[in-house]
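In what follows, a structure is listed as structure tokens, so that the remarks can point back to it.
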Amino acid sequence: MLRAVTWVRAHRYLSATCARLAARRHSSCGNQKGPLADRVAVVTGSTNGIGLAMARRLARDGAHVVVSSRKQQNVDRAVATLQGEGLSVTGIVCHVGKAEDRERLVAKAVEHCGAVDILVCNAAVNPLIGSTLGASEEVWNKVLDVNLKSPALLLRRLLPHMEKRSGVVILVSSISAYTPMMELGVYNVSKTALLGLTKTLALELAHKDIRVNCLVPGVIYTDFSKVVYENDAVIWNLIKKCYNIQRMGQPEDCAGIVSFLCSPEASYITGESIVVAGCSPRL
């Protein structure tokens, strides 16, 4: 009898889940086309580099994307560029380390159709080039506030708008989580911690039908990574010794995998950290 009851409960759960997924795929807040048709995506740190490439790809694949960064002129430029490409995009200034800015970002995101499907946490800082033990408490606080705490705090605010939508969360770590660089002390630590946050959130949110995965970019040609690629000795030794594919990455190299992870095609993938670095490092 107990087995029969358990089977019935499991069957009901699976049926309900399938029904939600089916409804999710056919629900709409607009008439977009593509694998992410009519999803709403929030991408932090998305006015240039990897963030902008991810925002563009999500929008091209059908999502309405809310871009954000700390400076109004950068937001305006990114929105104008993407809208000029015919994409469904809005933008707002957001310093993810500030609670009031996170609140405004959430309010902006739910304007489109009252809910959010995708959160990509790409915003990051690295105010110090130097050793871990040489970092001041101020540096520690700034790096951990933005790189590690803000994804969790922003997700907590967005959760009521995501949990009925088969939501997806993408955290953005770094190859330095696997292969620390001497010059990036505290930043290395924050990006390593994101791997653990990914697994923890994936476990906590699975019952809400929210998947959490992590993008781990290698050395990508962006303004943010200038500290690495402008040092010829560092970049050449890193690529020569550690990378199977002997080139630097481009922001677009990261965009496709993120779109896939946000799509129904990846509905059985959670808690994973995907390295996009021309190599396969391991902790």
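Observations on the structure shown:
- When nucleic acids and ligands are ignored and a 1.4 Å probe is applied, ARG57 ends up with an accessible area of around 90 Å².
- Most tightly packed first, judged by the mean number of other beta-carbon atoms within 10 Å of their residues, the peptides 45-51, 111-117 read 45-51, 111-117.
- Amide H partners (placed H, <5 Å) of VAL116, local residues excluded: MET162
- Of the peptides 147-154, 72-79, the order by per-residue mean of other Cβ atoms within 10 Å, starting with the highest, comes out as 147-154, 72-79.
- On the range 41-118, 44 percent of the accessible area sits on carbon and sulfur atoms, based on a 1.4 Å probe.
- Maximal additional length on extending the LYS208-LEU144 stretch stands at 20.4 nm, based on 0.36 nm per residue less the C-alpha distance.
- Long-range amide H partners of VAL89 with built H, under 5 Å: VAL65
- LEU133-ALA152 pseudo-label distance in nm [points 7 Å out on the Cα-to-Cβ vector]: 2.7
- Other-chain or far-sequence residues with amide H under 5 Å of GLN250's (modelled H): TYR221
The values are calculated or read from the model by the stated rules, or taken from the named source; none is laboratory data. A quick note: this is a predicted structure, and the numbers were derived from the prediction, not measured. Positions of Cβ are backbone-derived with ideal geometry, glycine not excepted, and every protein chain shown enters the neighbour counts. What goes into the accessible areas is simple: the full protein's heavy atoms, side chains included, and nothing from ligands, DNA or RNA. Shrake-Rupley method; radii C 1.70, N 1.55, O 1.52, S 1.80 Å.
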